[in-house]
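**Student:** Would you mind keeping the following structure in view while I ask a few things?
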Amino acid sequence: MVVSKAWTLRQHFQGFPKASDFHLREETLPQPKNGQVLLEAVFLSVDPYMRPYSQTMMKEGDVMIGSQVAKVIQSYNPSFPVGCHVVSDCGWRSHWVCDGAELTPVLPDWPQDIPLSLALGAIGMPGLTALYGLEEVCEIKKGETLLVNAAAGAVGSVVGQIAKIKGCRVVGCAGTDTKVSYLKELGFDQVFNYKTATSLEESLREAAPHGYDCYFENTCMLMPQMREYGRIAVCGSISMYNDTTPQTGPYVHTHMIFKQLRMEGFLCARWKHKHQQSLRRLMAWMTEGKLRCNEHITIGFNNMPAAFMGMLQGDNTGKAVVKV
């Protein structure tokens, strides 16, 4: 019998999450039955979406939602032999017993020199979000100009690099000078610190005097600088997740109409049928040196809440991951 640790939601967040909102409990897992496997967490993900989803999809006392890279340590399912690694959505758990129905094996030819933690980042959901937002939603074309905000995060940093691979001019904004330097190292054409800019409008105009064809939205920002027929992909709104009072405005209707803009929200699961092919494309760019990824790694399962709260306040450059 295995004793598993699990982080639960003690109470729904009011504003920014607090350590007291979480509870660490232990549970004794049953022996796996025929067709089942026992998983042991290796890396766990903390992501912005967990904040709004906890409010709408969880009850107080539920195990915190989330993905992990896990190792199969006991198996009665031939599809998942002992020793293989999978991506599981079983939440903030150290161990779990399941039937394998919702498990995704990591790519079978995963290179030994590529960290498995990237299956939660650039070669996982954030990478797929970046790819689909650019190709399926923005339909980005060579020679266009893209703006991406939260550009040093798990999604934004990949967005900018894929856009450069596709021959676009890329402008990014981030919240610290260290992150600005990191994005310049990744090949972004222009980067600015939105927290120290004297005028956001002027910074945007200076970075792209002729305007923007595409805008990849992770927080909330731009409209006046969009070019005619521009496209906006909305995958998140982290700047508002911890608000206790809903924000109002700005009103975008005039810009949307007269510039004939298209703005579309999306979840990468819409293109689930493409995931394997898309993950292989991302891995190819990684092994070719065209895609680089920074990880912000927190050590220790007991530090899950601290890693989550740190990610929400922008402590991470690149993907935030917890290593067990």
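The values are calculated or read from the model by the stated rules, or taken from the named source; none is laboratory data. Not measured: the values here are computed from a predicted model. Side chains are part of the model used for accessible areas, which takes the heavy atoms of the whole protein and leaves out ligands, DNA and RNA. Shrake-Rupley method; radii C 1.70, N 1.55, O 1.52, S 1.80 Å.
**Student:** List the residues, sorted by chain then number, that are 5 or more residues from residue 64 or on another chain and whose placed amide H is less than 5 Å from its amide H.
**Tutor:** 7, 8, 9, 92
**Student:** Check residue 42: other-chain or 5+ apart residues with amide H under 5 Å from its amide H, H built from backbone geometry?
**Tutor:** Answer set, sorted by chain and number: 69, 70, 71.
**Student:** Let me ask another. Hey, which of these cross-link pairs are over 19 Å Cα-Cα: 141/319; 142/164; 59/319; 164/290? Present the calculation step by step, with values, prior to reporting the outcome.
**Tutor:** Numbers: 141/319 26 Å; 142/164 9 Å; 59/319 27 Å; 164/290 9 Å.
Pairs exceeding 19 Å: 141/319; 59/319.
**Student:** Tally up the carbon and sulfur contribution to the accessible surface of the chain as a whole percent, 1.4 Å probe, everything protein left in place. Show your work: numbers first, answer last.
**Tutor:** On the way: 7940 of 15180 Å².
On the chain, the fraction of accessible area on carbon and sulfur atoms equals 52 percent.
**Student:** Could I ask something else about it? Determine the gain in length on full extension of the stretch residue 272-residue 1; use 0.36 nm per residue of separation and subtract their C-alpha separation, reporting nm with one decimal. Before the final figure, lay out each step's value.
**Tutor:** Details: separation 271, 0.36 × 271 = 97.56 nm, distance 3.51 nm.
Taking residue 272 through residue 1 to full extension adds about 94.0 nm, to one decimal.
**Student:** On to the next question. In straight Cα distance, which aspartates and glutamates are under 20 Å from residue 274, not counting same-chain residues fewer than 8 positions off?
**Tutor:** Candidates past the 8-residue exclusion: 89, 102, 109, 135, 136, 139, 264.
**Student:** Relative contact order for the chain: what is it in percent, counting Cα pairs under 8 Å that are at least 6 residues apart?
**Tutor:** Numbers: 668 pairs, mean separation 56.4, N = 324.
17 percent.
**Student:** Still on this structure, I have one more. Around residue 194, which amide H atoms from residues at least 5 apart in sequence, or from another chain, sit under 5 Å from its own amide H, with H modelled in the peptide plane?
**Tutor:** Residues meeting the criterion, in which the H sits 1.01 Å from N, are 174.
**Student:** Right, here's the next one. Taking only protein heavy atoms into account and a 1.4 Å probe, give the accessible area per residue of the range 125-269 in Å².
**Tutor:** 46 Å²
**Student:** Defining a contact as two alpha carbons under 8 Å apart and six or more residues distant in sequence, what relative contact order in percent does the range 125-269 show? Walk me through the numbers on the way to the answer.
**Tutor:** Values: 272 pairs, mean separation 34.0, N = 145.
Relative contact order, the range 125-269: 23 percent.
**Student:** So what J values fall out for the range 117-130 if you push phi through Karplus, 6.51 cos²θ - 1.76 cosθ + 1.60 with θ = phi - 60°, rounded to Hz, Gly and Pro as x?
**Tutor:** Values per residue, Gly and Pro as x: 4, 5, 5, 9, x, 5, 9, x, 4, x, x, 5, 4, 4 Hz.
**Student:** Let me ask something else. With no solvent and one point on each alpha carbon, what is the Debye value of log10 I(q)/I(0) for the range 125-269 at q = 0.16, 0.17 Å⁻¹?
**Tutor:** Result of the Debye calculation: -0.81, -0.92.
**Student:** Moving to a separate point now. Run the Debye formula on the Cα coordinates of the chain, all scatterers equal and no solvent, and tell me log10 I(q)/I(0) at q = 0.06 1/Å.
**Tutor:** -0.22
**Student:** For the range 1-128, what does the alpha-carbon gyration tensor say about shape, rounded, prolate or oblate, given a ≥ b ≥ c as the root eigenvalues, a/c under 1.5 as rounded, and a/b over b/c as prolate? Please list the in-between numbers first.
**Tutor:** Values: a/c = 2.34, a/b = 1.33, b/c = 1.76.
Cα axes put the range 1-128 in the oblate bin.
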